[in-house]
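This report refers to the structure that appears directly beneath it.
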Amino acid sequence: MPARKEARNACLPCSLRKRRCDRVMPACGWRNIPCNYSDQYLPGPNQIFQLLVQPCHAAGPNGVRNTDLDYLLTAHLFDTLQKLTLDLGDIVECFLLFVQPWIPLAHPQTLRRKALSLRGDPSAELAAFLLHILLVNPPTSLPSLRPVLPVLYEECKSLFYLLQARRPDRLLTIQSGLLLAVYEQGNCGSSDAYISLAACAGLAHVMGLGQSFERTSLATDEGSEDRERAWWALYYLDRLNYFSDEKLARMLLLRDPMGGTLPRGGPLFGCRDAWARSALSTVPPVPGEDLMAAGTFGEFIQAMHLVECVLQLTREPSVHPGTLVDQESWKLDMLIQQKIHNSLAYCQPLHHQYMVVAIYLMAHIELHEKRLVSFNRQGDPLSVRESSIAALEMALSIIGELMTVDHVFKILEIERLPVLAVVLFEKMASMAILLQSWHGRNMEDEVQALQKGMERASNRWKVIGGWLILCFPEPQSQQLNGHR
């Protein structure tokens, strides 16, 4: 490049401090790093990864080159936002509005403050976390984002690998990996998400996130809350990923998570509701105990614990199928039905209510699906099959009614749709096919409502679109004509 030519984006160090090239060739006059200019809309992931790794591969954790990594990643973040014509403040607010309510990872005020001060106080792990926030934000709310999502995903994967090597002791590294797993669960597949979650679990173990939260001595309450939320988010996503794919045949990443307290509700983590309490509560050690009132995310964790209790009956190889119909399993079944009824009856924000009901329905479907498969032979009790078929029909009916109401009132906005919907829609679609094809049930109305919901949801999460094509290959217009 001629020395007289100005570069719009400049090299990485200059773009952070000067916002234009200082024309010192062939290396930046500020940090003596080889200049790198690109005319592409967004650099490819391999180029970015090589650019980031080369300046810091030989440095120790406390060396000067480690500081260079902060400047490089911070500059790359602002360079990316400039090319996409996006504002960092808008990215953060979009995340807090659409993603934070169902996976709260950071204090909103703290995140806003750190994002505003990032130019003056560069941070590699914060810049990477903000790029991961950009990745999981709904593309419908940021029109310029959708075309570059594949490249941005590969870049975020490379950044997460880099931070595991360079900043393994930072909480933001784990938080970035959790957001990467969220994107992969909704747009790639369960196996990809599991790899990211496994890396997060290893980092969490090294940092001691699984220890009792009361014993964790940190400088601030915000830091303690962030550690707690990150650990419970890992627990939540691990169970969700484990539930989503039986073919993975893996162990749970967090085997003994019951020692900590549930997340608190409150303004620092967004949603307030009628159930929010300031007191701490613990996950119940036995499923029969009444689940204690907690904040929004605390209810999700408690509901997911009930899913785990069911999975211990249905997925553990050492458990005999007869336990699916013993007295304890029937008690568990009644508890799940009670929780579904209570969640539908209590007055609370509808979006939050739908999520809690969805998690309980996952437990309900898992239990009765396995009963139906295990006791489907000629000599097995007919009552078990009929009760399980009725239970699955009820679950499909509830989802169908929720989808019908949502089609009118748009409660489940596409931007707010959690990754939980990916797993639920997969399960509901397979259950509808099972009841129609194997048991001759007429599920046309429920299937039609489910299909409409999946078509809307596929605009947010790609995996749902794949299941829609697989389960309902016939065009919607033909199906609707057939119903008339």
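The values are calculated or read from the model by the stated rules, or taken from the named source; none is laboratory data. Note that the coordinates shown come from a computational prediction; the quantities given were computed from them, not determined experimentally. Virtual Cβ from ideal backbone geometry, glycine too; neighbours counted across all protein chains shown.
Here are some notes:
- Boolean, ILE389 is under 25 Å from the mean Cα position of the chain (by Cα), assigned to a helix (DSSP H, G or I) and modelled with pLDDT of 85 or more: no
- Selection of first residues in the range 123-138 that are closer than 20 Å to ARG460 by Cβ and modelled with pLDDT under 95 and of second residues that are of a type in the set (Lys, Arg) and buried (at least 22 other Cβ atoms within 10 Å of the Cβ), restricted to Cβ pairs under 9 Å at least 6 apart or on distinct chains, gives the following pairs, ordered by first then second residue: PRO138/ARG460.
- Checking each residue in the range 435-449 for being modelled with pLDDT under 80 and of a type in the set (A, V, I, L, M) picks out MET443, VAL447, ALA449.
- Residue match in the range 111-122 (condition: touching a helix residue (DSSP H, G or I) at 6+ places or on another chain (Cβ under 8 Å), small (Gly, Ala, Ser) and in contact (Cβ under 8 Å) with a residue 40 or more places away in the chain): no
- Selection status of ALA127, buried (at least 22 other Cβ atoms within 10 Å of the Cβ), closer than 30 Å to ILE301 by Cβ and either over 18 Å from the mean Cα position of the chain (by Cα) or among the acidic types (Asp, Glu) (or both): yes
- Yes/no for MET258 being outside any helix (DSSP H, G or I), modelled with pLDDT of 50 or more, exposed (fewer than 15 other Cβ atoms within 10 Å of the Cβ) and under 24 Å from the mean Cα position of the chain (by Cα): no
Matching residues to (1) polar (S, T, N, Q); (2) free of Cβ contacts under 8 Å to residues at least 24 places away in the same chain; (3) buried (at least 22 other Cβ atoms within 10 Å of the Cβ); (4) not assigned by the TED database to the domain that holds SER430:
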site: HIS320; (1), (2), (3), (4): no, yes, no, no
site: GLU328; (1), (2), (3), (4): no, yes, no, no
site: GLN338; (1), (2), (3), (4): yes, yes, no, no
site: LEU367; (1), (2), (3), (4): no, no, yes, no
site: LYS370; (1), (2), (3), (4): no, no, no, no
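- Given (1) under 23 Å from GLY177 (Cβ atoms); (2) at pLDDT 80 or above; (3) surrounded by 15 or more Cβ atoms within 10 Å (Cβ to Cβ), index of the condition GLY270 fails: (2)
- Some residue of the range 158-173 being under 15 Å from the mean Cα position of the chain (by Cα) and touching a residue at least 24 places away in the same chain (Cβ under 8 Å): no
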